[in-house]
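What follows is one structure encoded as structure tokens, with my remarks underneath.
The values are calculated or read from the model by the stated rules, or taken from the named source; none is laboratory data. Only a predicted model underlies this, so the values are computations on that prediction, with no experimental measurement involved. As a convention, Cβ positions derive from the backbone with ideal geometry for all residues, glycine included, and neighbour counts pool all protein chains shown. Ligands, DNA and RNA are stripped out before the accessible areas are found, and what is left, the full protein with its side chains, is counted by its heavy atoms. Shrake-Rupley method; radii C 1.70, N 1.55, O 1.52, S 1.80 Å.
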Amino acid sequence: MSAIEFRNICKRYGSQSPLTIKEANLQVQPGEFCVFVGPSGCGKSTLLRMVAGLEDISAGELLIDGQMMNEVPPAQRGVAMVFQSYALYPHMTVEENLGFGLKTLLADKTLIAQKVAKAAEALQLTPLLQRLPKELSGGQRQRVAIGRAIVKEPKVFLFDEPLSNLDAALRVQTRLEIAKLHKSLNQGTKKTSMIYVTHDQVEAMTLADKIVLLHTGELIERHGSIAQVGTPMELYHHPKSLFVAEFIGSPKMNILPAIVHTAGAEAVVFSLAGQSFTAAVDGSHLSVGQAVNIGIRPEHIEVGAGELKSKLSHVEYLGDSSLLYVQIAPELPLLTVKARPDFVASETAVLNLSVARQHVHVFDASGLACQRR
Ligand code: ADP
Ligand code: MG
């Protein structure tokens, strides 16, 4: 049985407004780390708040452990939520903040103290128990907010962009702590799922067992809220659409318009900048002369021996790699190439590029990907 199941969930904020969430169908398994990711405003918080019971569900069914939850009050759902804003009580100490939620659930003071001490220990908050939130750093405050969720021993943790207020170094550190917390909560037979919302694809890739990428804008109306569900590697290697391909991966996948020469079940041959190239994809539904979009990740372009001639426009030296911006034809956008860190060339040098056919993605006119072979 799934820990959480969305059945055709829809959300409309006002009777005249468009759907914010359209036909979301999803299963989160017990113990799974599921990340909702997508651009700002795509409905991630809305979807999470419907699980928590903080937002009404306009249509569809939400199940937790097989039980219908649509009308169940938040406190009885067995979930605990951590917000970006921490939402700590400013006049209470760390200890009081950690124990506050339990006071309404448990009468036994000793038991509360035990649970608070255990959570504080796990999050290295023990020396800070008597401090007020204003005496803590951002990272420490976020740990208290996470601790407050831990003491409730929920079946499901819900995180809404918990790292967004932290600086870059602390974000990486806290990200690791959340990953460790997930592991430690799932060592025994008891399973604790997590649903984690972020707009940051790196956070999604590093934390998730399962990524749920959400559509935005008119794509919601056309295709429903969910763009793709899969492991991080599935989304990276087998994006179902242009939207997914462009969202996952940094630097972004290069997208170039091209014309189909020949198309079959094993390969598509297309012309780009006056030359012919091959993609190892199933193009059996494409026709000759059809306009398509070609996708190539910057890390899959080789510099050196290759038939694609290009003119170097600009180089960014990142230390561990160099990003080259090159022109392959005046009418096409600049191509981003991820090259070795020791790449050296004079500006305006002519480079020969190559791309293995297995690394070329093809998207049809509606933005759907051809299956890779
Ligand atoms: P995300 O968390 O992905 O940034 P949200 O779920 O917060 O997105 O919002 C999704 C859309 O719903 C946005 O267009 C937002 O303006 C709208 N929205 C969110 N909350 C409300 C609300 N309480 N009333 C009306 N519209 C809302
Ligand atoms: Mg949000």
- Message: Being out of contact with any Lys or Arg (no Cβ under 9 Å at 6 or more places or on another chain), small (Gly, Ala, Ser), buried (at least 17 other Cβ atoms within 10 Å of the Cβ) and more than 16 Å from residue 219 (Cβ to Cβ): is that true of residue 2 here?
- Response: no
- Go through 269, 326, 315 for me and flag whichever is surrounded by 16 or more Cβ atoms within 10 Å (Cβ to Cβ) and either within 26 Å of the chain's Cα centre (by Cα) or closer than 16 Å to residue 357 by Cβ (or both). 269
- Query: In the range 200-228, what residues are within 24 Å of residue 172 (Cα to Cα), in contact with a Lys or Arg (Cβ under 8 Å, 6 or more places away or on another chain) and crowded, with 17+ Cβ neighbours inside 10 Å?
  - Reply: 203, 207, 214
- Message: Just the residues that are at pLDDT 95 or above, away from ligand 2 (no atom under 16 Å from the Cβ) and either within 14 Å of residue 163 (Cβ to Cβ) or not hydroxyl-bearing (Ser, Thr, Tyr) (or both), please, taken from the range 189-204.
- Response: 194
- Task: Specify which of the listed residues (52, 119, 80, 75) is within 16 Å of ligand 1 (Cβ to nearest atom) and either over 16 Å from residue 143 (Cβ atoms) or touching a residue at least 12 places away in the same chain (Cβ under 8 Å) (or both).
- Result: 52
- Task: Go through (1) under 22 Å from residue 236 (Cα atoms); (2) in contact with a strand residue (DSSP E or B) (Cβ under 8 Å, 6 or more places away or on another chain) one by one and return the number of the condition residue 266 breaks.
- Result: (2)
- Query: Can you name every residue in the range 180-202 that is away from ligand 1 (no atom under 14 Å from the Cβ) and within 14 Å of residue 247 (Cβ to Cβ)?
  - Reply: 202
- Note on the structure: If we keep only residues of the range 329-339 that are without any contact (Cβ under 8 Å) to a residue 40 or more places away in the chain and not in a strand (DSSP E or B), then the residue least open to solvent (accessible area, probe 1.4 Å) is 334
- Message: The conditions are (1) within 14 Å of ligand 2 (Cβ to nearest atom); (2) surrounded by fewer than 20 Cβ atoms within 10 Å (Cβ to Cβ), and residue 60 fails exactly one of them. Which is it?
- Response: (1)
- Query: Among the residues of the range 8-38, which ones are in contact (Cβ under 8 Å) with a residue 60 or more places away in the chain, open to solvent by 40 Å² or more (accessible area, probe 1.4 Å) and either touching a Gly at 6+ places or on another chain (Cβ under 6 Å) or within 15 Å of ligand 2 (Cβ to nearest atom) (or both)?
  - Reply: 23
